[in-house]
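A short write-up of the structure that comes next.
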Amino acid sequence: AKELGRKRFAVFDEALAKGMVDVLAMESELRKALRQNEFEPYFQPICRLGDGKVVGYEALIRWNHPQRGLLRPSDFVKIAEDSGLIEAIDWRLFELSCRLLTQQAPSELFITFNVSALHLRHADFDVRILKMLERTGLAPSRLVTEVTEGALLDNPESVRAVLERLRSVGVGAALDDFGTGYSSLSYLHSLPLRMLKIDRAFVQELDKAGSSNSTTVVAAILALAHALNIQVIAEGIETQAQRDALVSMGCEMAQGYLLGSPAPMAHWMAGQKT
Ligand code: C2E
Ligand code: CA
Ligand code: CA
Ligand code: CA
């Protein structure tokens, strides 16, 4: 039995070592990708539910990997975060996204992008955002940062201060993935939020049999948000029935495969004059 125990240990160590080698290899690949501009923003339309008109886009990162093809965030964002590389990668992506919006999209459209916890630890995050807006020529009112409740746990006070300063110059904030994770209602009134995004877990339940619980939850989120003057975006809508349910509940905006999947800006602007 002792022999077996030692052997199992050795197997475990090997797996661990392999994992570490993989992570290190991935880190150096990420660095190279940054140098060679292999990251690209894809844009998913955010639509007004009433008439389906596109009102903005969420920028979602993709990695055009020379060997492995187009990679999604689940393939690399975790390692990019753990190694701290996500900051440099994100700034590159933010800048590209703002530039594309300024140059190609009609001027009434806004853009949102995902701001991870690491960024919000910098007290000068707002200053960097403003410099970037100046460089790219994007009007501050056309930008909405998406933050998750998890990112607020660290230091809610300093995050609130950063978002407050951004709001004072016109940049909006959206609370992402609402209803999952920590969901402290206190964030809703203590943060300067322009928007709230209802997580797709609730939206996808809406057209299922026995969906009355999620209907109640979504209706309650909408009532609360509207009482606080916060606009609501429903995430991940895939069916007409989900859309109908959301329209009847008075949800103003939505995003999901039913309305459009993430794609390069050129795809959305093809044939469009700005
Ligand atoms: P998220 O912010 O919640 O983004 C929504 C995700 O849902 C996206 O996945 C989007 O492609 C997907 N989605 C959109 N509509 C539908 C639908 O109708 N059905 C289903 N099943 N899924 C839908 P994606 O692009 O793979 O991004 C995953 C996550 O990675 C994002 O979740 C966000 O947390 C993170 N992420 C994306 N881009 C960035 C970035 O530039 N920087 C950082 N730090 N994180 C990012
Ligand atoms: Ca998001
Ligand atoms: Ca989300
Ligand atoms: Ca998410």
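Assorted remarks:
- Failed condition for residue 60, given (1) buried (at least 17 other Cβ atoms within 10 Å of the Cβ); (2) more than 16 Å from ligand 4 (Cβ to nearest atom): (2)
- Among the residues of segment 211-243, just one is within 16 Å of ligand 1 (Cβ to nearest atom), touching a residue at least 24 places away in the same chain (Cβ under 8 Å), assigned to a helix (DSSP H, G or I) and surrounded by fewer than 22 Cβ atoms within 10 Å (Cβ to Cβ), namely 241.
- Of the candidates 181, 256, 172, the single residue that is touching a residue at least 40 places away in the same chain (Cβ under 8 Å) and within 16 Å of ligand 4 (Cβ to nearest atom) is 256.
- Any hit, segment 87-105, residues being of a type outside the set (S, T, N, Q), farther than 30 Å from residue 240 by Cα, open to solvent by 70 Å² or more (accessible area, probe 1.4 Å) and not in a helix (DSSP H, G or I): no
- Scan of segment 182-210 for residues that are open to solvent by less than 70 Å² (accessible area, probe 1.4 Å) and over 18 Å from residue 159 (Cα atoms), ordered by number: 197, 198, 199, 201, 202, 203, 204, 206, 207
- Restricting the first member to segment 187-207 and to residues that are of a type in the set (Phe, Trp, Tyr) and within 15 Å of ligand 4 (Cβ to nearest atom), and the second to residues that are at pLDDT below 90 and in a loop (DSSP other than H, G, I, E, B), the beta-carbon pairs closer than 7 Å and six or more apart or on different chains are 202/179.
- Single match in 14, 81 (criterion: in a helix (DSSP H, G or I) and either more than 19 Å from the chain's Cα centre (by Cα) or among the small types (Gly, Ala, Ser) (or both)): 14
- Test: residue in segment 257-267 that is among the small types (Gly, Ala, Ser) and modelled with pLDDT under 95: no
- Any hit, segment 95-109, residues being of a type in the set (Gly, Ala, Ser), under 25 Å from residue 253 (Cβ atoms), at pLDDT 95 or above and under 17 Å from the mean Cα position of the chain (by Cα): yes
- Qualifying residue in segment 34-55 (condition: away from ligand 2 (no atom under 16 Å from the Cβ), assigned to a helix (DSSP H, G or I) and modelled with pLDDT of 95 or more): yes
- Within segment 124-144, one or more residues are within 16 Å of ligand 3 (Cβ to nearest atom) and open to solvent by less than 30 Å² (accessible area, probe 1.4 Å).
- Residue within segment 151-169 that is on the phi < 0 side of the Ramachandran plot, under 17 Å from the mean Cα position of the chain (by Cα) and of a type in the set (Asp, Glu) present: no
The values are calculated or read from the model by the stated rules, or taken from the named source; none is laboratory data. From a predicted model like this one, the values you see are computed outputs, not experimental measurements. Heads up, the Cβs are rebuilt from the backbone with ideal geometry, glycines too, and the neighbour counts pull from every protein chain shown. To get the accessible areas, we keep the full protein, side chains included, count just its heavy atoms, and leave off ligands, DNA and RNA. Shrake-Rupley method; radii C 1.70, N 1.55, O 1.52, S 1.80 Å.
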